[in-house]
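Here is the structure we will look at, set down as structure tokens.
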Amino acid sequence: MSHDESGKTPGDPAVEAAITNILEAIGEDPQREGLLKTPARVARSFQFLTSGMRQDPEAMLRGAIFDAEGCDEMVVVKDIELYSLCEHHLLPFHGRCHVGYIPDGKILGLSKVARLVDVYARRLQVQERLTQQVANTLQAVLQPRGVAVVVEAVHLCMAMRGVAKQNSSAVTSAMLGGFLQDRPTREEFLSLVGLTGVRR
């Protein structure tokens, strides 16, 4: 990826122009000192925050699949930090993602579970779809006996505007295979990640 003379990755000029237009439309002066570099900063920020749109999550996972070597018990990666942009208002939502799967001959490098969450979070998103995408991709690539994903997040589009409920959070879950079909398996996962009462 190319860099400008400052050493920073340049943003999209079209995004810069759009931000300049927005600043003018809300009554600001894009030429005042505090805003002079804002369009460029926002363009670089959006490039990073939407970088998942330019990544192939399945290809990223395929390079980190290994033989399970007798491991057939639940694998859980919990408290994965998550930051994303709500596609309805372009405001952030943030929280934690918990991922579990039951191997069927193959396991995944643990860091790739967190990377998978990042790939889908760094897109314009809704929490419900993000949760399902993580589960479906793990199921498609790893073909385990079951996948469970739970996301807990706070949405600034609810906290900063609209209903202005600063203390509310949303919980979404996707349960596939053994986690969907077997209640004790599902409850074991929820217990391991410190959740109770979450149902799909």
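The values are calculated or read from the model by the stated rules, or taken from the named source; none is laboratory data. The model shown is predicted, which means the values in this text are computed figures rather than measured ones. Please note: Cβ atoms are built from the backbone with ideal geometry, for glycine as well, and neighbour counts cover all protein chains shown. Side chains included, ligands, DNA and RNA excluded: accessible areas come from the protein's heavy atoms. Shrake-Rupley method; radii C 1.70, N 1.55, O 1.52, S 1.80 Å.
Ser191 contributes an accessible area of around 90 Å² to the protein surface, as traced by a 1.4 Å probe with all chains present. Taking the DSSP beta bridges with both ends in the chain, the antiparallel portion is around 95 percent.
Remark: the Glu73-Gln139 segment gains 22.2 nm on full extension, using 0.36 nm per residue and subtracting the alpha carbon distance.
With the Cα gyration tensor of the chain giving a ≥ b ≥ c as the square roots of its eigenvalues, does the rule (a/c under 1.5 for rounded; else a/b larger than b/c for prolate; else oblate) give rounded, prolate or oblate? Here the chain falls in the oblate category.
Relative to the longest principal axis of the Cα atoms of the chain, the long axis of helix 38-49 lies at roughly 10 degrees. Normalised per residue, the accessible area of the range 1-146 is 56 Å², obtained with a 1.4 Å probe and no contribution from ligands, DNA or RNA. Treating r as the C-beta distance of Leu36 and Asp12 and R0 as 25 Å, the FRET efficiency rounds to 0.85.
Taking Cα atoms, how many degrees apart are the long axis of helix 127-142 and the longest axis of the chain, rounded to 10 and kept between 0 and 90? Between helix and principal axis, roughly 50 degrees.
Rounded to the nearest 0.05, the FRET efficiency derived from the C-beta distance between His94 and Ala25 at R0 = 35 Å is 0.80. Of the accessible area of the chain, computed with a 1.4 Å probe over protein heavy atoms only, carbon and sulfur atoms account for 51 percent.
To the nearest ten degrees, helix 110-121 and the longest principal axis of the Cα atoms of the chain are 40 degrees apart. For the set Ser168, Ser111, Ser84, the ranking by accessible area, highest first and with no ligand, DNA or RNA atoms included, is Ser111, Ser168, Ser84 under a 1.4 Å probe.
Could you calculate the FRET efficiency of Gln47 with Met160 from 1/(1 + (r/R0)^6), where r is the beta carbon distance between them and R0 is 22 Å, rounded to 0.05? The calculated FRET efficiency here is 0.40.
Note on Asn167 and Asp56: the extension gain reaches 36.5 nm, defined as 0.36 nm multiplied by sequence separation minus the Cα-Cα distance. When the alpha carbon coordinates of the range 126-194 are projected onto the principal axes, the ranges are 42, 25, 15 Å, largest first. Straight-distance candidates among the aspartates and glutamates for linking to Lys106, with alpha-carbon spacing under 18 Å and chain neighbours fewer than 8 residues away dropped: Glu58, Asp67, Glu69, Asp72, Glu73. Entry note, the range 21-167: relative contact order of 26 percent, from Cα contacts under 8 Å with a spacing of 6+ residues. If you sort Glu152, Glu81, Glu16 by accessible surface, 1.4 Å probe, largest first, the order is Glu81, Glu16, Glu152.
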